[in-house]
Amino acid sequence: MAISRFLGCALAASTLAGCAEPDPNIETRYGAYEGDAYPNRRPKIVIPEGGMGVVSDSRSDTISLLSLATGERFGVYPVGRDPVTIDGPHHVALDAPGNALYVALSYPVVAGAVGPHASHGSSAMYGYVQKLALDDMRVLGQVRVEPNPGDIVISEDGSRVVVSHYDLKRVLDNPRDIEAARSSLAVISPDEVLPTGSAQPVFIPVCMMAHGVALSRPDGARAYVACYGEDSLAIVDLTDPSAEVVRVPVGPSPSPSPDPNYGPYAAVMSPDQKTIAVSNTKSKDVRFFDVASGKFHEPESSLLMLGAPYFVAWSPDARRLYVPTQSPDAIALFDLDEGPDAIVYRDLTGECDKPHIADFDGGDGLFVVCEGDQSETPGKVLRLDPGTLETRSDTTVGLYPDAFVRVAAEAQ
């Protein structure tokens with residue numbers, strides 16, 4: 001009897017609920033959205049008094065910003081195309097009049113591998129060049145280049161961006177065909193680097209395992225390229241891609257191979273454009289190329305180093321040269337008018353792990369980028385006294401830093 005009464009009540013309640021008035025429809029009309037679909041919320045960069053330095057952290061996928069006056073790191077910006085895997089931002093080039101920064105993305109061999117040149121340039125992944133806005137590092141455009149991009153430079157007049165390719169894989173894949181083993185220079189028009197549909201670069205075959213690049217000024221009509229795998233300095237006419245590439249041996253016994261005798265890695269032009277300093281990491285010396293004659297200076301003028309030299313810095317008068325070396329980690333100062341012996345030498349062991357690049361513009365700060373262990377321990381940037389090489393400040397940056405460019409305070 002109780003169960004029957006309960007079911008009756010439940011049925012009655014259900015019937016009454018079904019007869020109730022439905023909730024009124026509420027219609028909301030919105031106006032057309034006028035904003036950006038993906039608004040840019042990156043903080044604006046305020047260049048400190050005295051200017052800033054830009055450092056690429058290739059293992060962290062970031063750009064570090066430093067005050068030139070103090071050496072302090074005041075900003076960190078993410079870069080790259082993939083937020084998950086390593087893009088390997090390698091060297092950078094500054095277009096100050098165009099308010100842009102160009103960064104070469106050099107992908108590791110596999111996800112999780114170390115550094116932009118993991119396994120010595122053996123990646124099969126195509127690299128990219130990204131154009132970033134100088135005021136907040138947002139992406140303005142990108143263009144694909146070949147695997148293992150090495151150095152990236154821009155002409156003084158901003159008309160050409162040039163990228164080398166330190167491509168060991170190409171060399172190993174073509175052991176009996178030197179032409180096929182040679183990587184190219186990618187010549188890019190800055191105005192044609194767009195968010196989508198960028199014009200393809202002009203690719204000029206140059207040499208095996210090309211890396212450091214110096215451009216003639218102001219228009220970058222000629223490129224001088226350190227050819228690690230051919231023990232030579234290549235001279236390339238960028239105005240005529242079909243012109244013959246001239247390759248000048250850096251020494252009397254060149255050995256074109258993945259394991260050369262000299263190993264030219266970096267090429268840095270003097271401020272007066274008369275001389276190019278070529279750093280040879282295998283023979284552990286810096287040799288000087290005379291631009292006018294197209295020949296290297298006599299061997300006795302070479303700077304013999306204890307360690308492997310990397311990217312040097314000239315003084316504005318082209319008389320002095322700062323040379324960072326690895327194994328041992330050190331920095332040496334030479335007065336080229338006084339001969340090939342260092343006038344100041346400083347051992348940086350324990351303070352600067354793997355010095356990679358020195359930068360000096362004649363001010364009161366000499367900057368040295370220290371790679372660190374390239375995998376777990378962040379790198380550093382030292383600010384040194386240009387005369388004594390004593391440390392004025394040191395700043396921790398991201399993993400595996402290997403580039404440094406200066407941006408004047410009035411650049412924005």
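So the values come out like this:
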| quantity | calculated |
| --- | --- |
| Enumeration of residues in the stretch 148-177 that are part of a strand (DSSP E or B) and either in contact with an Asp or Glu (Cβ under 6 Å, 6 or more places away or on another chain) or more than 23 Å from D402 (Cβ to Cβ) (or both) | I154, S164, H165 |
| Residue count, the stretch 178-207 (criterion: farther than 16 Å from G220 by Cβ, in a strand (DSSP E or B), open to solvent by less than 30 Å² (accessible area, probe 1.4 Å) and not polar (S, T, N, Q)) | 1 |
| Selected residue (only one of D290, D272 is over 19 Å from D359 (Cα atoms), among the acidic types (D, E) and open to solvent by 20 Å² or more (accessible area, probe 1.4 Å)) | D290 |
| Any hit, the stretch 105-124, residues being modelled with pLDDT of 95 or more and in contact with a Leu (Cβ under 6 Å, 6 or more places away or on another chain) | no |
| Qualifying positions in the stretch 78-88 - surrounded by fewer than 18 Cβ atoms within 10 Å (Cβ to Cβ) and touching a Ser or Thr at 6+ places or on another chain (Cβ under 8 Å) | P78 |
| Some residue of the stretch 226-246 being open to solvent by 10 Å² or more (accessible area, probe 1.4 Å), part of a loop (DSSP other than H, G, I, E, B), polar (S, T, N, Q) and under 19 Å from I152 (Cβ atoms) | no |
| Which numbered condition A210 misses (of (1) without any contact (Cβ under 8 Å) to a residue 60 or more places away in the chain; (2) open to solvent by less than 10 Å² (accessible area, probe 1.4 Å); (3) at negative phi) | (1) |
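Residue-wise test of (1) under 21 Å from T325 (Cβ atoms); (2) at pLDDT 95 or above; (3) aromatic (F, W, Y).
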residue	(1), (2), (3)
D231	yes, yes, no
V245	no, yes, no
P258	no, no, no
S270	yes, yes, no
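The values are calculated or read from the model by the stated rules, or taken from the named source; none is laboratory data. No experiment lies behind these values; they were computed from the predicted model shown. FYI the Cβ positions are ideal-geometry reconstructions off the backbone, even for glycines, and counts take in every protein chain you see. These accessible areas exclude ligands, DNA and RNA; they are computed on the full protein's heavy atoms, side chains included. Shrake-Rupley method; radii C 1.70, N 1.55, O 1.52, S 1.80 Å.
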